[in-house]
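Below is one structure; the comments refer to it alone.
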Amino acid sequence: MRALVFHGPNDIRVEQLPDPEPGPGEVLVRVAATGICGSDLHGYTGENGRRHPGQVMGHETVGRIEGSGALVTVNPVIGCGICAQCAAGTEQLCAGRRIIGVDPTYRSAFAELMAVPAGNVVVLPVDTPIEYGALVEPLSVGYHAAVRGGVSPDDRVLVIGGGPIGQACALAARRLGAAVVVVSEPTASRRALVSRLGFEAVEPADLADLGDMATVVLDAVGSSASLAAAFAGSALGARVVLVGMNAPEVSVAAYAVSTYERSVIGSFCYPAREFRETAAWVATRPPGLEHLVDGRAGLGGAPDAFAGLASGALDASKILVYCGEA
C-alpha cells in the first residue's frame, strides 16, 4: 500500500509499505480520506515534538471496512480497557491510552489501509457524505470542550480562534442550545468562513465592543495571548475552557482567575460515548458542515499540501487528503 511517511521536520513522503494485517479484535479499513489536523501540521514542522521519524500520521478519517464495504469513521483514542477510567467511560483519561496518529508505533490514517480495533470503529449511515465522516473527530473535540464548559441555552459563548477547532467549538455550542455565540479570529478568510456557519465573527481588537461579557469562553488557540483575551472578554464567574494547544506553557494572570472567580478548565479529546454521539449528529447533516472542508488533495499531493499549509502559501482551513487517489 501507499502511505505518507514522516521523516523529520518539513520532510514527508509517499512510500510503499506492506499492507497491514489485522490482529485479534481488529478490522482492516480502506481509508477514503483523512483531514490534516493542526497537530499533524505542528508535528510536520517539528514544533510540538509529538511526531517521530518513520511515523504514518493521521487521525481524522473516514473509510470502508474491507470485505463489507461499510462506511466508517474511527475513534483514535484507544484505552487500556481495564483501568477505572476506562470502566467509567472516560477513556481519554486512561493513563495507558494510545492515540492513533500520535503514537509513533501505530501506523495511522494517511495511508490506503489501516488496521484498527473493532471497538473504535463507528459505522455511519450509507447516505452520509463521505467528507462528513472525516469531520467527526475534530467536531468531537469541539463538542467535548463545550460539554466541559457546561454550555447551556442560558450562556453567552465566546470562542477564541476561528480555525477548525474553533469552528467545531462554535458548532458544539449551538448544538447545546447557546443562542449567543461569537468567534474572535484575526484572519479575514476564517472570519468569512465562520460567518457562513452562521456565527458572528469579530477581530480580536473588537472584543471590547461586544457589550455583554461571555459566561463561557472556549479557547481554541491555547497561548498566553488567547488566555488573556479570554479573561478580557468574559464575565465574573465565567468558565474558560482551554482546548487549543498552541504552546505547552502559558502565562496566566492569576488575579483575573481568583478575583473574578473564573474557572479554567482543561479539555483534550473526548470519551467514546461523545464520539459516537457526534457521529450520529453528523449523520443528520446539520447546517454548516458543508462549509468546513475548503481544500482537497490526493495522497500524491499531500506533501505539497503540508508544505503549503506550513509556509502559509495555502489559505485553507481544513484540507482532506484522499488516500485512494494519486
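The values are calculated or read from the model by the stated rules, or taken from the named source; none is laboratory data. For clarity, every value in this text was computed on a predicted model and none was experimentally measured. Neighbour counts run over all protein chains shown; Cβ positions are idealised from the backbone, glycine included. Each accessible area value is taken on the protein alone, full model and side chains, heavy atoms only, with ligands, DNA and RNA left out. Shrake-Rupley method; radii C 1.70, N 1.55, O 1.52, S 1.80 Å.
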Pseudo-spin-label distance Leu210 to Leu236, built 7 Å along Cα→Cβ, given in nm, is 1.9
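For the stretch 70-147, compute the orientation-averaged projected area of the C-alpha convex hull (one quarter of its surface), in nm². Before the final figure, lay out each step's value.
Working: hull surface 24.5 nm².
Result: a mean projected hull area of 6.1 nm².
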Non-local residues with an amide H under 5 Å from the amide H of Val241, with H modelled 1.01 Å from N and Pro and chain starts lacking one, are Val217, Leu218, Asp219, Ile265
For the chain: accessible area per residue (Å², 1.4 Å): 42
Using a/c under 1.5 as the rounded threshold, could you call the stretch 19-95 rounded, prolate or oblate? The axes a ≥ b ≥ c are square roots of the C-alpha gyration tensor eigenvalues, and prolate needs a/b larger than b/c, oblate otherwise. oblate
Listed residues Met1, Asn120, Pro303: farthest to the positive end of the dipole of the chain (Cβ charges): Asn120
Highest-first arrangement of 200-211, 290-301, where packing means the average Cβ count within 10 Å: 290-301, 200-211
Shape of the stretch 180-254 from its Cα gyration tensor (a ≥ b ≥ c, root eigenvalues): rounded if a/c is under 1.5, otherwise prolate when a/b > b/c, or oblate? oblate
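Relative contact order, percent, of the stretch 1-103 when contacts are C-alpha pairs under 8 Å separated by at least 6 residues?
Numbers: 169 pairs, mean separation 24.7, N = 103.
The value is 24 percent.
Based on the Kirkwood radius over alpha-carbon pairs, what value in µm²/s does the Stokes-Einstein equation return for the translational diffusion coefficient of the stretch 187-306 at 4 °C and 1.567 mPa s? Present the calculation step by step, with values, prior to reporting the outcome.
Working: Rh = 17.0 Å.
Result for D is 76 µm²/s.
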Within a Gaussian network of the chain (alpha carbon springs, distance under 10 Å), most fluctuating of Val180, Val77, Val136: Val180
Sequence-separation-based contact order of the chain, relative, with Cα cut under 8 Å and 6+ spacing, percent: 19
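Determine the relative contact order of the stretch 195-240: mean sequence separation of Cα pairs under 8 Å and six or more apart, normalised by residue count, in whole percent. Walk me through the intermediate numbers first.
Values: 34 pairs, mean separation 19.2, N = 46.
Value for the stretch 195-240: 42 percent.
Sorted by mean Cβ packing within 10 Å, highest first, what order do the peptides 27-33, 305-311, 110-116 take? Write out the running numbers ahead of the final one.
Values: 27-33: 22.0, 305-311: 18.4, 110-116: 24.4.
Peptide ranking by packing, descending: 110-116, 27-33, 305-311.
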Relative to the longest principal Cα axis of the chain, at what angle does helix 164-175 sit, 0 to 90 degrees, rounded to 10? 70
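How big is the charge dipole of the chain about its Cα centre, in debye rounded to the nearest 20, if each Lys and Arg gets +1 on its Cβ and each Asp and Glu gets -1 on its Cβ?
On the way: 23 positive and 33 negative charges, 81 e Å.
Once rounded to the nearest 20, the dipole reads 400 debye.
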Can you give me the % of accessible surface on the chain that is carbon or sulfur? Probe 1.4 Å, all protein chains present, nothing else counted. 54
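Could you give the size of the charge dipole of the stretch 23-175 about its Cα centre, using +1 on the Cβ of each K and R and -1 on the Cβ of each D and E, expressed in debye and rounded to the nearest 20? Provide the component values of the computation, followed by the final result.
Working: 11 positive and 13 negative charges, 45 e Å.
Its charge dipole is roughly 220 debye.
Starting from the Cα-Cα distance between Ala228 and Ala115, subtract it from 0.36 nm times their residue separation and give me the gain in nm to one decimal.
Values: separation 113, 0.36 × 113 = 40.68 nm, distance 4.25 nm.
Length difference between fully extended and current span is 36.4 nm.
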Farthest toward the dipole's positive end in the chain, which of Ile12, Ser140, Ile78, given Cβ charges of +1 (Lys, Arg) and -1 (Asp, Glu) about the Cα centre? Ile78
